[in-house]
Amino acid sequence: MPAAGRLLAERHKDHRKRHPLLPAEYEDEQLAVVEVTALWESESASGAVLLEDSELTGYVLGAPKPSPVWGPNLWVEAAGQAVREPEHIRDLYAAAAAKWVDDGRTVQYVVVPDDADLLDAWFRSGFGAQHAHAVRPAPTTRLEPPAGLKVRRALRDDIAVLAELDLVLPKYQSRSPVFSAGELPTLEEALADWEESIDDQDYATFVAEYDGRVIGMSVGCSVEKSSAHSGLARPDNAGFLGYAAVLPEARGHGAGRALGEAVMQWSADTGYTAVVADWRVTNLLASRTWPRLGFQQTFHRLHRAIGY
């Protein structure tokens, strides 16, 4: 663990040269060791290490998640790999994956830092891009919606349309080209959830109006509310663009951009210095809109399904 932690701290220090908004504390070897140790102590964790002249120069470490939505899965999280030479990740994967597949873990996910050589090595190990993690600084100048749009905080009177908008993104992502396997909520479930949560002060919900009609919504919160952004992948003092959707028939008016900017502006007003977002890379709308708002990808979640 100490040797793996040193490698991880080196990797993170290099990563932060490209993305300085990522948390600085994991450049400390002792904190990096804590991250690796936590993964090692996960249930059913396993992996491989690379030794050169008795020195550990690479490792990969993965563990399954209990949620059935991920299939018979194995995850290499953000702290689950580090190598001196990117090509060696292929050898480490080959050594570790034999056990994973023998254990029936044939749907595999790996969270890879934004490093072109390391990504290329994973691509040549059979993985493809699935999900993006990104960050940008909080805005320093006031952001205003385009003419014809009004963006405001959601009210209890908006619950019916908020519930309808809650279904827009999962429906969109269930179809081509995303094909997400996530379970679709029902309108009744969405209504009940909004009735309970509309007044939750930990979340800032915005709606966009066009011609007096609500056509979209977005939700902001602290990034600490997101389990997908933790450890090395969680910037300090950051707001989170947790959800955004526009009614399909109302797209084209700039509501998606305005709603994203509303969360960015709320983050700045709240005192956050950064804003985090994530999206499926096959989501054609999100993967184009959020980078245009200045979000830079920090981690890539890659995916491989074995046996087909």
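Some observations on this one:
- Test: residue in region 104-127 that is among the hydrophobic types (A, V, I, L, M, F, W, C), without any contact (Cβ under 8 Å) to a residue 24 or more places away in the chain and over 30 Å from Lys13 (Cα atoms): no
- Within region 212-232, if we keep just the residues that are part of a loop (DSSP other than H, G, I, E, B) and polar (S, T, N, Q), the residue that is surrounded by the fewest Cβ atoms within 10 Å (Cβ to Cβ) turns out to be Ser227.
- Filter pass, Asp269 being free of Cβ contacts under 8 Å to residues at least 24 places away in the same chain, in a loop (DSSP other than H, G, I, E, B) and of a type in the set (D, E, K, R): no
- Residue in region 176-183 that is on the phi > 0 side of the Ramachandran plot and either in a helix (DSSP H, G or I) or exposed (fewer than 12 other Cβ atoms within 10 Å of the Cβ) (or both) present: yes
- Glu195 in contact (Cβ under 8 Å) with a residue 24 or more places away in the chain, farther than 17 Å from Leu165 by Cβ and assigned by TED's automatic domain parsing to the domain that holds Leu162: no
- The requirement of being more than 27 Å from Val69 (Cα to Cα), without any contact (Cβ under 8 Å) to a residue 40 or more places away in the chain and touching a Phe, Trp or Tyr at 6+ places or on another chain (Cβ under 7 Å) is fulfilled somewhere in region 148-161, by at least one residue.
- Residue check, Glu29 of a type in the set (D, E, K, R) and under 20 Å from Arg304 (Cα atoms): no
- Hey, Glu55 exposed (fewer than 14 other Cβ atoms within 10 Å of the Cβ) and not aromatic (Phe, Trp, Tyr) or not: yes
- Unmet criterion (only one of (1) within 18 Å of Val151 (Cα to Cα); (2) touching a Phe, Trp or Tyr at 6+ places or on another chain (Cβ under 6 Å); (3) without any contact (Cβ under 8 Å) to a residue 40 or more places away in the chain) for Gly252: (2)
- Single unsatisfied condition, Ala268 versus (1) within 30 Å of Trp70 (Cβ to Cβ); (2) touching a Pro at 6+ places or on another chain (Cβ under 6 Å): (1)
- If the condition is being touching a residue at least 24 places away in the same chain (Cβ under 8 Å) and either in a loop (DSSP other than H, G, I, E, B) or over 24 Å from the mean Cα position of the chain (by Cα) (or both), then region 198-210 contributes Ile198, Asp199, Tyr203, Ala208, Glu209, Tyr210.
- Selection of region 234-270 for residues being more than 29 Å from Glu77 (Cβ to Cβ) and of a type in the set (Gly, Ala, Ser) yields Ala250, Gly252, Gly254, Ala255, Gly256, Ala258, Ala262, Ala268.
- Of the residues making up region 119-157, those that are buried (at least 20 other Cβ atoms within 10 Å of the Cβ) and either in a helix (DSSP H, G or I) or of a type in the set (Val, Ile, Thr) (or both) are Ala121, Trp122, Val135, Val151.
- Val161 touching a Pro at 6+ places or on another chain (Cβ under 8 Å), part of a helix (DSSP H, G or I) and hydrophobic (A, V, I, L, M, F, W, C): no
- Among the residues making up region 234-266, those that are assigned to a helix (DSSP H, G or I), out of contact with any Ser or Thr (no Cβ under 7 Å at 6 or more places or on another chain) and of a type outside the set (D, E, K, R) are Pro248, Ala250, Ala255, Ala258, Met264, Gln265, Trp266.
The values are calculated or read from the model by the stated rules, or taken from the named source; none is laboratory data. Because the structure is predicted, anything quoted here is derived from the model rather than measured. Every residue, glycine among them, receives a Cβ derived from its backbone with ideal geometry; neighbour counts consider all protein chains shown.
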